[in-house]
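The values are calculated or read from the model by the stated rules, or taken from the named source; none is laboratory data. Note that the structure is predicted; figures quoted are calculated from it, not measured. Here the Cβ is made from the backbone with ideal geometry for all residues, glycine too, and neighbour counts use every protein chain on show. Surface accessibility is based on the protein's heavy atoms, side chains included, excluding ligands, DNA and RNA. Shrake-Rupley method; radii C 1.70, N 1.55, O 1.52, S 1.80 Å.
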Amino acid sequence: MTPSQTKRILTISLIVCLLGYAIWFSKNQADHLSTMSKLPEQRTAVSDKAEPQTIEEPTSKVYSKRIVEYHMNVKLEDSPIGKTLQGSQSVTWTNPGKNIVNELYFHLYPNAFASKQSTFIQESGGKLRGDVMKEGSYGSMEITDMQTEEGMSLMKRMQYVQPDDNNPNDRTLMKVRLSQPVKPGQSITLNMKFNVKMPGVFARMGVAGNFVMAGQWFPKLAVYEPAGMRGRTTEGWNIHQYHGNSEFYSDFGTYNVRIQVPEAYKVAASGFPTKSAVQQDGYKTYQYYAEDVHDFAWAASPDFIYAEQPFSAPNVPGVRIKLYLDPAHKDLQERYFHAAKVALARYSEWYGEYPYSTLSIVVPPKEGNGAGGMEYPTLITAFGAMDDNPGYDLERTVVHEIGHQYFYGMLASNEFEEAWLDEGFTSYAEDRVMETEYGIVANLPIESSYMTDPAPLSLFAWKYKDSNQYAENVYTRGKLVLIALEKQIGAKTMAKIMKTYTKKWAFRHPTTSDFQRVVEQVTKKDWTDFFNQYVYKGFMTDYAVESITAKKVENKGTSAYESKVILRKKGGDYPQVPVVFMFKDGTSVKRTWDGASATIQYTLTHKTPLDWVMIDPQDTMVLENKRINNYMNAQIDEAVKTRINFSTAKLIESILNALGW
């Protein structure tokens with residue numbers, strides 16, 4: 001087959017497949033809407049005037065060490081420069097180590113948006129997940145006062161630091177030299193005042209019209225790690241700037257937060273209200289409390305349509321699911337509630353009890369999409385309400401973000417340094433829910449084909465070349481590594497590993513090494529080679545058909561054909577490599593290679609010539625990302641040397657199937 005013939009065939013195949021996909025997609029959407037309309041949901045009336053009314057009290061149960069304690073007041077105001085937050089906080093930190101500490105470090109995340117010279121903007125180019133920071137829409141944080149309990153000012157003791165890149169224009173991390181050292185086990189309280197100029201909504205926070213997303217909005221203490229924590233040999237601060245790819249890492253504690261907004265606004269927040277909202281002088285004041293969490297976020301809008309449903313399951317003693325809808329999605333509330341309920345039920349069954357009494361879902365307006373698809377303790381955001389008839393992305397986003405309540409929220413992995421422990425694990429869990437509850441099966445062959453630039457999963461987030469390589473590895477390859485592990489040990493054993501890991505390390509900041517130890521304890525097997533290749537290095541599986549030679553032979557007086565096939569390992573190890581040999585008369589022979597050596601030769605004698613050879617015809621090797629060399633035709637035209645005939649057809653089929661996913 002000549003290259004021009006190949007091109008014509010591929011074009012025709014692609015058009016036919018696309019037409020088939022369009023028909024399938026239309027039918028699938030109709031079936032989806034029909035199915036959703038039949039769900040046996042508890043219907044809740046929605047109202048643009050409704051407010052959360054349930055007042056709660058802190059519980060006596062303690063899950064974490066509660067290293068930090070925040071008491072905060074914040075007021076949302078309109079000013080000549082836009083919407084601002086006027087805040088104050090009293091923050092108490094307890095020294096968990098064995099050494100005296102003479103300085104504290106605070107993350108000042110809003111300063112990532114202060115100028116084009118910040119590390120975040122330089123690395124991201126002002127873009128994140130398809131959203132672009134509007135020109136001139138800057139934000140910032142200013143500390144206006146900092147005092148000890150005794151009234152001593154520490155303002156002259158504050159210093160911006162840049163430990164990762166020495167960028168003098170980056171002000172997202174601040175060091176404070178203390179007037180008195182903090183001994184092991186002792187605590188210190190600082191009283192602070194701060195102002196935040198809210199940027200146009202971008203990268204998880206900001207303002208879009210009347211919508212406000214206050215994520216990473218307050219001066220937040222960094223994590224001081226004792227020796228032994230996360231593999232440290234000596235204790236010290238874990239400090240990093242805010243980078244284009246990185247997310248967050250904080251200590252567990254309690255938050256008591258008073259939020260003041262214009263009286264027309266409704267507020268969604270982490271935790272639960274401890275008092276009814278009070279209106280006075282044109283403002284409304286909310287009082288929220290959260291315990292055993294490592295962050296606190298809130299959103300506000302006068303346009304929110306509020307709905308609430310209670311939910312309980314065997315491992316969910318009782319949760320109030322609170323929904324803050326953009327009006328464009330007013331009629332979709334039951335889909336949000338259903339997705340939240342199935343996610344909570346499944347995750348609590350698989351990974352342990354959901355320990356909080358609330359879960360809030362915020363649906364931003366279309367123009368607030370930059371705040372969408374994000375997780376905070378007990379609060380998540382859906383993507384912006386761009387479509388009044390969205391497909392399964394609505395459910396998938398809710399399911400994914402609720403999964404973060406475990407791997408980001410309760411386990412609290414260090415997302416600066418080991419982002420895959422949150423994103424990869426959550427993506428793995430999300431796929432299980434989507435398949436179990438909605439019948440949507442991820443197209444793993446096409447996802448593995450996306451792995452064009454694999455890199456170690458253990459890289460610091462900003463060490464990836466760009467956001468594409470970061471997402472490709474941390475989200476997708478991380479998930480595929482977990483699935484590859486599952487395929488080797490079985491779904492039952494994998495389920496035991498995941499539950500053991502999440503229950504053992506909840507509220508304890510685990511590492512990749514901690515997860516590996518759980519895998520080895522459960523399976524009673526050494527997984528060093530697997531983790532070294534696929535986690536600590538950027539390996540993918542790549543087994544190729546290298547050559548086929550054949551000759552006619554005499555076998556007991558009868559003519560036959562002897563074929564020699566050489567297979568080569570070009571990537572990481574895989575313990576069972578399935579191979580199919582197909583002969584001209586339709587006879588197939590199956591073999592399984594242990595995949596350990598660099599090459600293997602198969603010699604087969606049959607009455608008809610060998611037609612073709614294919615590695616992994618059922619696509620069971622999920623980390624195989626170069627399937628085009630898995631197939632070879634024995635009668636290949638030597639002048640062309642093309643493999644496209646069959647393997648490309650399979651690749652196109654996978655791509656088009658993936659469009660439905």
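Here the accessible area of the chain is 50 percent carbon and sulfur, with a 1.4 angstrom probe and all protein chains present. If you take the alpha carbon atoms of the chain and fit the smallest convex hull around them, that volume is 180 Å³ per residue.
Which entries in Lys487/Lys590; Lys134/Lys463; Lys284/Lys499; Lys116/Lys463 show an alpha-carbon gap greater than 31 Å? If you can, show how the numbers build up before the last one.
Values: Lys487/Lys590 20 Å; Lys134/Lys463 26 Å; Lys284/Lys499 43 Å; Lys116/Lys463 20 Å.
Over 31 Å Cα-Cα: Lys284/Lys499.
In order along region 308-315, phi translates into HN-Hα couplings of 9, 9, x, 8, 9, 8, x, 10 Hz, rounded to whole numbers, per the Karplus curve 6.51 cos²θ - 1.76 cosθ + 1.60 with θ = phi - 60° and x for Gly and Pro. Exceedance of the 26 Å cut-off in Cα-Cα distance is limited, within the set Lys98/Lys220; Lys98/Lys525; Lys83/Lys266, to Lys98/Lys525. Put simply, the amide H of Trp593, placed in the peptide plane, has neighbours under 5 Å in Val577, Val579, leaving out anything fewer than 5 places away on its chain.
Anisotropy class assigned to region 280-439 is rounded, per the alpha carbon gyration tensor with a/c under the 1.5 cut-off. Express as a percent, rounded to the nearest 5, the fraction of DSSP beta bridges in the chain (both residues included) that run antiparallel. Close to 85 percent. Listed by chain and number, the aspartates and glutamates placed with their C-alpha closer than 16 angstrom to that of Lys537 are Glu417, Glu418, Asp453, Glu472, Asp529, Asp573, Glu624; residues fewer than eight positions away on the same chain are left out.
When you restrict to C-alpha pairs under 8 Å that are six or more residues apart and normalise by the size of region 247-327, the relative contact order lands at 30 percent. Taking Cα atoms only, the orientation of helix 393-404 departs from the longest principal axis of the chain by about 70 degrees. With 28 Å as the limit, the listed pairs Lys127/Lys569; Lys127/Lys322; Lys584/Lys626 have Lys127/Lys569; Lys127/Lys322 beyond it between alpha carbons.
At 1.4 Å probe size, with every protein chain present, just tell me what the per residue accessible area of the chain comes to in Å².
Roughly 42 Å² per residue, with all protein chains present.
Of all aspartates and glutamates in the structure, those lying under 16 Å Cα to Cα from Lys607, and not within fewer than 8 positions of it along the same chain, are Glu554, Glu562, Asp585.
Note on region 360-394 and region 282-313: Cα centroid distance 15 Å, given to the nearest whole angstrom.
The 3J(HN,Hα) values that the Karplus relation (6.51, -1.76, 1.60; θ = phi - 60°) gives for region 84-89 are, in residue order, 10, 10, 9, x, 9, 8 Hz. Gly and Pro appear as x.
Globularity index of region 122-170 is 1.69 (Cα radius of gyration / 2.2 N^0.38 Å, N = number of residues). Against the longest principal axis of the chain, how steep is helix 3-37, in degrees 0 to 90 to the nearest 10, with axes from Cα atoms? With rounding to tens, the tilt is 50 degrees. Placing +1 on the Cβ of every Lys and Arg and -1 on the Cβ of every Asp and Glu, with no other charges, gives the chain a dipole of roughly 1380 debye about its Cα centre.
Note the angle between two axes, namely the Cα long axis of helix 644-660 and the longest principal axis of the Cα atoms of the chain, as a number of degrees from 0 to 90, rounded to the nearest 10. That works out to roughly 30 degrees.
Using R₀ = 60 Å, calculate the FRET efficiency as 1/(1 + (r/R₀)^6) where r is the Cβ-Cβ separation of Arg232 and Leu604; round to 0.05. Mind dumping the intermediate values first?
Numbers: r = 56 Å, r/R0 = 0.93.
It comes out at approximately 0.60.
Calculated on the alpha-carbon coordinates, the convex hull of region 464-618 measures out at 146 cubic angstrom per residue. Modelled spin labels at Met386 and Asn210, positioned 7 Å past Cα toward Cβ, are 2.4 nm from each other.
Near the amide H of Glu546, within less than 5 Å, lie the amide hydrogens of Ile566, Leu567, Arg568, all on another chain or at least 5 residues away, with H placed in the peptide plane. For region 556-566, backbone phi angles converted through the Karplus equation (6.51, -1.76, 1.60; θ = phi - 60°) give residue-by-residue couplings of 6, x, 10, 5, 8, 10, 9, 10, 10, 10, 10 Hz, Gly and Pro being listed as x.
When the inverse distances between all different Cα atoms of region 358-451 are averaged and flipped, the Kirkwood radius reads 14.2 angstrom. Counting only DSSP beta bridges with both residues in region 175-281, the antiparallel share comes to about 90 percent. From the alpha carbon centroid of region 414-458 to that of region 215-271 is 25 Å. Summarising the amide proton neighbourhood of Val293: residues at separation of 5 or more, or on other chains, whose placed amide H is nearer than 5 Å comprise Gly253. Computed over all pairs of different Cα atoms, the Kirkwood value for the hydrodynamic radius of region 41-175 is 19.2 Å. Among the GluC sites (Glu not before Pro) in region 120-190, those placed in a DSSP loop whose Cβ has at most 11 other Cβ atoms within 10 Å are Glu135, Glu149, Glu150. Taking 7 Å steps out from each Cα toward its Cβ at Lys61 and Glu435 produces label points 3.1 nm apart. Only protein heavy atoms count here; under a 1.4 Å probe, Arg627 has an accessible surface of about 40 Å². With contacts taken as Cα pairs under 8 Å and at least 6 residues apart, the chain reaches a relative contact order of 11 percent.
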